[in-house]
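For reference, the structure is listed below as structure tokens.
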Amino acid sequence: MADEAVQVAVRIRPFLPREKGQRQIVTVQSANVLKLKVLTTQLAGPPQEEDKVFSFDHCLSSVKPNDSRRDEPHAPPITQEQVYEAIGQNLLSNALEGYNSCLFAYGQTGSGKTYTVLGHERDPGLIPRLCQNLFTQEYEELRVSASFLEIYNEQLKDLLNPQMKGRKPLYVHQHPQLGVYVPHLTEAPVGSHDECMALLDFGSKIRATSQTNMNSTSSRSHALFILRITFPIKDESRTRIRNSTLNLIDLAGSERVKKSGAAGQRMREGQNINSSLSVLGQVISKLAQGKFKHVPFRQSKLTYLLTDALSGNSKTHMVAAISPALSEMEETLGTLRFASSVKKVRTHAVSNEQDVGESDLLLQTMRSEAEELKAAALKASVESPQQARRYMKSAEAVEHAVLSIQTRIDKTMWSQAQLKQQEASRLRCEALAGLSLPFNIGGMLGGQSEHAVTANSPYLLNISDDISLAGRLLYFLPEGPPISIGSEESNRIRLMGLGIPDHLCDILVVAGGKGVEVQHCGRGGRLVVDGVPVSDNQAIALYNGARIIFGRAFAFRLVIPLASQGGGRGIEDEDLLMRAAALPSPFPACEGDTLQRLRLLIETSVAPVLGETECAEIMRRAGEVHNDVDEANELLKEIEQTPLQVLEVGLLLRAPPERPTTTEHIVSQNNRQPQLVVHCSRLADGELLSVWPIPRFYQHLEELRDFYQQRCDRKRQGLPVDAHRGVSMAWEDAVSSPTNIQPPRPSSIENSSDDSDGGDR
């Protein structure tokens with residue numbers, strides 16, 4: 001068939017609560033046209049407003065009336081059902097006609113991509129609705145398999161494989177006839193909408209758990225849900241096999257580092273995300289201009305997987321999610337420009353329909369190809385081991401494709417795959433049980449045991465910035481014995497991550513499910529309730545809606561159904577709010593001896609010179625750095641059996657001059673502002689070893705995080721973990737070499753002299 005342009009739909013999300021009252025800058029003029037008001041900078045005078053008009057295949061607005069300041073009349077907001085009718089029905093019909101189809105959602109963080117693609121239980125998005133309509137089709141022997149893939153920091157992860165050990169590495173492979181696919185990726189047979197949603201829910205739970213373990217409150221990753229559809233088409237003379245692949249992709253949000261305030265690990269994740277999206281932009285730009293030579297598909301895993309969707313055998317749709325608010329004008333304009341470029345891209349879709357004999361011939365050819373590759377690998381094993389490994393890798397990829405195709409074609413093999421899927425479902429349930437997550441809530445409610453979960457049982461619900469992760473981790477709290485939380489398998493709720501010891505705390509449900517108490521077990525670890533750390537062996541009462549942080553990354557909201565029915569939070573919460581409202585100082589509240597000493601130093605020595613506003617900003621920044629310093633200290637405890645160093649936030653009252661020193665620097669030397677630093681001291685005697693500027697500290701923190709993540713991965717895979725002294729040469733040079741030791745000082749918060757260079761020597 002002829003080339004076909006990528007179909008592009010733009011959806012405008014409603015205003016967020018923080019945006020209520022802002023001016024609406026983007027409006028839908030017709031079913032295919034929208035108008036954006038932008039401010040254009042002038043050579044002289046204030047910026048002037050300019051209208052930019054864009055044309056797309058579908059323009060959908062979910063903005064509600066009275067949410068913004070706008071003179072034009074509002075059309076009724078578009079519902080999820082209408083979005084499916086505009087986009088999803090076309091996707092499904094293409095797939096059932098034998099065409100490979102792809103949908104990817106693009107937009108800035110918080111623009112509504114995941115809500116459009118997934119939605120929630122009460123208002124499902126494109127994927128749930130598409131799956132529901134797929135299994136209502138009246139086709140004989142309809143065979144559907146599902147895969148769930150995640151791309152995080154350019155690493156591929158199979159979200160449907162419950163086995164942590166013995167996993168084969170995932171990679172992207174391109175075959176001349178089959179296109180681009182991922183060998184060794186789980187292809188789970190599904191026979192109904194419920195089974196499909198169960199796999200999607202399992203993958204989302206695993207995704208939420210792993211991302212939380214990596215100290216992230218948002219997914220910060222690309223997610224691909226893949227459906228492979230096969231069914232026979234019979235007529236009077238012959239039987240043909242129709243195959244199609246449906247790729248549903250939720251891209252990570254594009255965002256600006258400066259605007260998002262990302263730092264450290266979040267900044268590195270954002271750089272990887274922006275890098276893959278930047279490569280995607282380069283690919284789109286070249287394809288839109290018709291420059292098909294040297295298209296950089298292989299520069300990122302994302303664009304490599306999208307090769308067919310953007311230039312090959314696929315009918316592709318894109319959903320661009322944008323914000324209507326004036327505060328998001330630049331991001332909205334960037335998304336619309338990107339969508340305009342995507343609309344110029346053309347693909348060449350071909351119906352994947354073959355006779356039974358043609359399918360058998362294809363399989364026989366691929367088997368021969370795999371054997372030839374193995375023979376080539378054996379021949380090259382002596383002269384070029386690296387080339388031999390490449391041959392074997394290609395042979396494995398071809399064999400995987402043969403098994404996948406044959407399983408969906410052969411009735412006996414499909415039945416065997418369904419039996420294996422039942423065993424895999426049991427392993428997935430065990431994996432969720434190992435994480436203390438429910439896999440069958442209906443079976444848990446109204447049980448016969450003494451401490452069964454009931455409809456009024458309190459529970460913990462995870463908090464996340466990403467809708468695909470928020471609410472995926474749910475832990476019921478039945479009344480009875482205390483519920484232990486920690487990293488050991490013996491705990492009722494097992495959480496593994498930084499700052500979580502073998503036994504962190506106990507939760508007790510009292511008063512017939514109307515009250516909940518938590519007690520720190522006094523074995524170290526971090527427990528925070530509503531922003532206030534809980535000290536060792538301390539017990540506090542919790543109210544409905546309380547926010548609890550276990551360790552460094554697990555954030556939950558407590559839900560007490562019986563308390564919420566009665567209304568109100570309780571006396572404990574009112575007292576807490578009253579104490580928080582009665583701060584004696586204009587500076588932000590701070591916890592810990594280090595910040596208290598720093599606050600005292602600023603109030604006595606810095607405030608008379610800089611003023612309260614500047615000092616409040618220093619304390620605010622110090623609180624942020626202090627949280628990361630605490631994380632670094634916990635990482636040192638986890639990595640090294642006996643930590644040799646301890647880190648602490650400090651302040652240089654007169655920051656050292658930059659190098660090389662100029663005349664202008666010398667003139668302003670006496671007017672230098674105080675500078676936050678991090679002091680590295682020897683744990684044994686408190687001797688100060690080095691003073692790091694904040695950027696240098698975050699470099700070392702990244703090294704610690706990377707090494708800790710490697711240790712966690714090895715533990716999950718059952719590999720030995722060696723003792724470690726120092727994370728890298730840079731870290732060891734910074735804290736261990738005698739030539740780097742700074743002169744000792746009586747206190748880590750005292751004034752630092754001007755002869756310090758503020759870093760490693």
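Candidate cross-link partners of K20 among the lysines, defined by an alpha-carbon separation under 25 Å and a same-chain spacing of 8 or more, comprise K35, K37, K52, K64, K113, K258, K259. Per residue, the average separation of C-alpha pairs within less than 8 Å and at least 6 apart gives the range 307-402 a relative contact order of 24 percent.
Of all beta bridges DSSP finds with both residues in the range 1-138, what is the antiparallel percent, to the nearest 5?
Rounded to the nearest five, the antiparallel share is 70 percent.
Suppose the chain between S535 and K20 were pulled fully straight at 0.36 nm per residue; how much longer would it get relative to their current alpha carbon spacing?
My answer for the length gained is 181.4 nm.
Using a simple spin-label model with pseudo-atoms 7 Å out from Cα toward Cβ, E4 and R167 lie 3.5 nm apart. Label separation (E50 vs E702): 3.6 nm, computed from points 7 Å beyond Cα along the C-beta direction. For K393, a cut-off of 19 angstrom between C-alpha atoms picks up these lysines, skipping any fewer than 8 places away in its own chain: K157, K168, K301, K374, K379.
What net charge is computed for the residues neighbouring L508, neighbours being all others with C-beta under 14 Å from the C-beta of L508, Lys and Arg scored +1, Asp and Glu -1?
Residues near L508 contribute -1 overall.
Shown here for the range 308-409: GluC sites (Glu not before Pro) in loop regions (DSSP other than H, G, I, E, B) with at most 13 other Cβ atoms within 10 Å, namely E383.
Keeping every protein chain present and rolling a 1.4 Å probe, give me the accessible area per residue for the range 18-65 in Å².
Heavy-atom SASA per residue in the range 18-65 reads 57 Å².
Local charge for T407 was computed over the other residues whose Cβ lies under 11 Å away, with Lys and Arg +1 and Asp and Glu -1, and equals +3. The alpha carbon centroids of the range 287-327 and the range 169-190 are separated by 19 Å. Label-to-label distance for E154 and S381 is 3.2 nm, based on points extended 7 Å past Cα in the beta-carbon direction. From the square roots a ≥ b ≥ c of the eigenvalues of the alpha-carbon gyration tensor of the range 324-396, which class results: rounded (a/c under 1.5), prolate (a/b over b/c), or oblate? It comes out oblate by the Cα gyration axes.
A cut-off under 12 angstrom between Cβ atoms defines the neighbours of V646, and their net charge, with Lys, Arg +1 and Asp, Glu -1, is -4.
The HN-Hα couplings worked out from phi for the range 151-157 by the Karplus form 6.51 cos²θ - 1.76 cosθ + 1.60 (θ = phi - 60°) are 10, 10, 6, 6, 10, 8, 9 Hz, whole numbers, x standing for Gly and Pro.
For the range 31-175, the relative contact order is 12 percent, taking Cα pairs closer than 8 Å that sit 6 or more residues apart in sequence and dividing their mean separation by the residue count.
The values are calculated or read from the model by the stated rules, or taken from the named source; none is laboratory data. Keep in mind it's a predicted model, so treat the numbers as computed, not measured. Glycine gets a Cβ as well: all are built from the backbone with ideal geometry, and neighbour counts include every protein chain shown. Side chains are part of the model used for accessible areas, which takes the heavy atoms of the whole protein and leaves out ligands, DNA and RNA. Shrake-Rupley method; radii C 1.70, N 1.55, O 1.52, S 1.80 Å.
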